[in-house]
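Here's the structure, in structure tokens; my notes come after.
The values are calculated or read from the model by the stated rules, or taken from the named source; none is laboratory data. These numbers come from a predicted model, not from an experiment. Heads up, the Cβs are rebuilt from the backbone with ideal geometry, glycines too, and the neighbour counts pull from every protein chain shown. Only protein heavy atoms, including side chains, enter the accessible area calculation; ligands, DNA and RNA are left aside. Shrake-Rupley method; radii C 1.70, N 1.55, O 1.52, S 1.80 Å.
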Amino acid sequence: MVDVTTDRDMVERRALLALWAVPGLGPRALERLRAYARGEFARLVACPVREWVGGAPLPVPVRRRLLEVPELGPLADRVLERCAAVGMGVAFQGEPAYPARLAETEDAPPLLFYRGEVGPPRRRVAMVGSRHPDQGFLPFARTFARQVAEGGVGIVSGAAAGVDRACHWGAMDAGGETWAFLGSALDELDPAQAKLLPHFLARGGVFFSELPPGVRASTTTFPRRNRLISGASDAVLVLRAGATSGSLYTAEAGRTQGRPVLALPGDVMNEGAAGCNALIRDGHARACLSVQEVWRAVGFHPLRVVPPTEGSSWRDALSAEARGAYQVLDRVPRSFDEVLAGSRLSPGALTSALVELELSGLVIQHPGRLYEKV
């Protein structure tokens, strides 16, 4: 084990991990507690909980739960042990495995638990829908998701039965990226999710959860996780939803987060499409009639995607020049000259590097030789 007494960052993360495992300590409560600890949770590790919790700006029930934890350090160790037992990783905000788009949203969790290998930055769309759509719709949803993924766009959903799961399979059919945000801890999967997980792991998918080990799904955890599905995405598409479908929560979260929201219109006599039709009617979503509209919504123009060499990371598949150029680029378009100044490459080498990044689906070229990270 790492000697955390010599690593301040590690102490800070262990303290945050322990606090996140205490029921009732959400993102906002943690920010209040951080201010109380003068900006560093690490200060709370150095002494027993009972010595500081009395003055903490927290609700009484949360204080009582904290008093059941003598010290934060051993609690963090227990959480990490449970993660290790099932091959679960922990990603803190700012780390590569934590979705950058999600970190930008209000009320984003400070950390996520995950299983799988998080791939390179790319455009992603949340594709959600009913657990029990009308007969014959699931094959359509799977095909539609496959076509979206074939363009190089990642598919994000919730691994629920019905439309969500069909979209995950469509992405895997295309050999594309797919992420699932769950409403339970990753060691408390339901039987269907447990069967799906090996396929995700074998095909490059990722299971995420904000919930610490041991937390089962409930009627409160599912609506909360919907903000993660939309937050980790560049746009939201509701494929099929009745008037009371849970996928409408994802659409609402997407609107709040400033994501473009699309909905697939359905027959006005089809009650299973009433939610989608209402979103469009009320101006809360744009009608989506084609895969191309999904690509446009996430700001992506499909290019030939060059897969990484087997057994290597996506960065290893790029040339040194392409890696250098990629580090200079951002989600804000930059001119060729700006990239040239920051990359230290010759104009010819930079041109080749940018072409390589475009063909790899990692960069978009806009008119006027402006380049943007996907």
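Quick look at the numbers
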{"item": "Residue-normalised accessible area of the chain, expressed per residue, 1.4 Å probe, Å²", "result": "46"}
{"item": "Charge-dipole axis of the range 227-291 as Lys and Arg at +1 and Asp and Glu at -1 on Cβ define it, positive-most pick from Gly283, Ser233, Pro265", "result": "Ser233"}
{"item": "FRET efficiency for Glu51 and Phe336, using Cβ-Cβ distance with R0 set to 45 Å, rounded to 0.05", "result": "0.20"}
{"item": "Nearest-20 debye value, the range 148-299 charge dipole, Cβ charges on Lys, Arg, Asp, Glu", "result": "200"}
{"item": "The range 319-374: proportion of alpha-carbon pairs further apart than 16 angstrom, %", "result": "25"}
{"item": "Ellipticity estimate at 222 nm from DSSP helix runs (n ≥ 4, -39,500 (n - 2.57)) divided over the chain, nearest 500", "result": "-12000 deg cm²/dmol"}
{"item": "Radius ratio Rg over Rh of the chain, counting only Cα atoms, Kirkwood formula for Rh", "result": "1.00"}
{"item": "Of all accessible heavy-atom area on the range 156-282, the percent that carbon and sulfur account for (1.4 Å)", "result": "56"}
{"item": "Cα-centred dipole magnitude for the range 104-216, charges only on beta-carbon of K, R (+1) and D, E (-1), debye, nearest 20", "result": "380"}
{"item": "Beta bridges per DSSP with both ends in the chain, % antiparallel, nearest 5", "result": "40"}
{"item": "Farthest toward positive dipole pole in the chain [+1 Lys/Arg, -1 Asp/Glu at C-beta], among Ala202, Pro61, Ser245", "result": "Pro61"}
{"item": "Size of charge dipole - the chain - debye, nearest 20, with Cβ of Lys, Arg +1 and Asp, Glu -1, no other charges", "result": "580"}
{"item": "Ser290/Arg369 FRET efficiency (R0 41 Å; Cβ-Cβ; nearest 0.05)", "result": "0.90"}
{"item": "³J(HN,Hα) computed for each position of the range 103-109 - Karplus, 6.51 cos²θ - 1.76 cosθ + 1.60, integer Hz, glycine/proline x", "result": "4, 7, 8, 5, 6, 5, x"}
{"item": "The chain - percent relative contact order, Cα under 8 Å, separation 6 or more", "result": "13"}
{"item": "Convex hull per residue volume in Å³, alpha carbons only, for the range 139-286", "result": "106"}
{"item": "Contact order relative to length of the range 27-144, as percent, for alpha carbon pairs under 8 angstrom and 6 or more apart", "result": "19"}
{"item": "Under 17 Å from the Ala84 label point (7 Å along Cα→beta-carbon), backbone N, the range 17-50", "result": "17-18"}
{"item": "Span from the the range 37-106 Cα centroid across to the the range 112-138 one, whole angstrom", "result": "28"}
